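This is the structure, below, for whatever I ask next.
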Amino acid sequence: MSRDRGKIIEIIRVFRLAAARGFVSGTEGNGSIRTEEGIYVTRSGVSKGLLEPEDVLLVGEDGKLIDGEGDPTSELPTHLEIYRVRPDVRAVFHAHPPYSTAYTLLEEKFPLREVAELLLVAGEVPVVPYALPSSRDLADKVSGYAGESDVLLLERHGVIGLGSSILDAYLKVEMTESVLKTMMIARQVGKTTPLPEEEVERILHMRRVLKKGKELP
């Protein structure tokens, strides 16, 4: 069958960028794009910084292989759950950026509410409790947190970005990584503090209005 080469190239370019930024190493990381013909998803067991077109497979909404050779990422159930609960999401990007992953290892961790720009772009960024990577448990836990936020930190397992495109999902992860790097620097000097509750609500309201395509009052 004829595949959408444009979508395949999008995935390859984003993961080469992610590898250059140190967001993935070895064979870790995975991504997907939802289209009318199915879901384009990275193949399991390959370096994401060295992806070739044959390393991007096409699967159905049920996860069954439509086109390509090999196995899709073992994290596919998590992608499918996100698409199920978020009809607006067209792409999913998962990686292990160092600052974002390090934050999930801290004893004290909480949803990110320190920086207005991140709240506006991604919503509150929660930490999804630990679940075995690639497990059904992980997919179920992620789906429970994916309703409002476009970025999910996974305890001991990196970060997931949700977006209108694979680049959009990646850029949200990149912003999260930058914010957490800044927070880690700040924590070397003192304690970081979240924005006041009323300001968080104002920003999240702005985000909801903008997502609906409406003008702010």
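Per-residue answers, yes or no, for (1) more than 18 Å from the chain's Cα centre (by Cα); (2) touching a residue at least 24 places away in the same chain (Cβ under 8 Å); (3) within 28 Å of residue 147 (Cβ to Cβ); (4) buried (at least 20 other Cβ atoms within 10 Å of the Cβ):
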site	(1), (2), (3), (4)
60	yes, no, yes, no
70	yes, yes, no, no
79	no, yes, yes, yes
87	no, no, yes, no
101	no, yes, yes, yes
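Suppose the filter is within 16 Å of residue 91 (Cα to Cα) and either among the polar types (S, T, N, Q) or open to solvent by 70 Å² or more (accessible area, probe 1.4 Å) (or both); does residue 162 pass it?
No.
Grab the helices (runs of 4 or more DSSP H) fully contained in the range 104-217, keeping just those with 3 or more residues being of a type in the set (Val, Ile, Thr) and touching a helix residue (DSSP H, G or I) at 6+ places or on another chain (Cβ under 7 Å).
166-187
Which count do you get for residues in the range 10-28 that are free of Cβ contacts under 8 Å to residues at least 40 places away in the same chain, of a type outside the set (Ser, Thr, Tyr) and closer than 17 Å to residue 72 by Cα?
2
Can you tell me which residues in the range 72-95 are in contact with a strand residue (DSSP E or B) (Cβ under 7 Å, 6 or more places away or on another chain) and assigned to a loop (DSSP other than H, G, I, E, B)?
Within the range 72-95, 73, 75, 86, 89, 90 meet the criteria.
Determine whether residue 119 is over 20 Å from residue 194 (Cα atoms), in contact (Cβ under 8 Å) with a residue 60 or more places away in the chain and open to solvent by less than 10 Å² (accessible area, probe 1.4 Å).
When the stated conditions are applied, residue 119 does not pass them.
Please work out which one of (1) open to solvent by 70 Å² or more (accessible area, probe 1.4 Å); (2) in contact with a Leu (Cβ under 7 Å, 6 or more places away or on another chain) is the condition residue 36 fails and give its number.
(2)
The values are calculated or read from the model by the stated rules, or taken from the named source; none is laboratory data. Nothing here was measured: the structure is a model prediction, and the numbers come from that model. Note: ideal-geometry Cβ built from the backbone for every residue, glycine included; neighbour counts use all protein chains shown. Please note that ligands, DNA and RNA were not included when accessible areas were found on the heavy atoms of the full protein model with its side chains. Shrake-Rupley method; radii C 1.70, N 1.55, O 1.52, S 1.80 Å.
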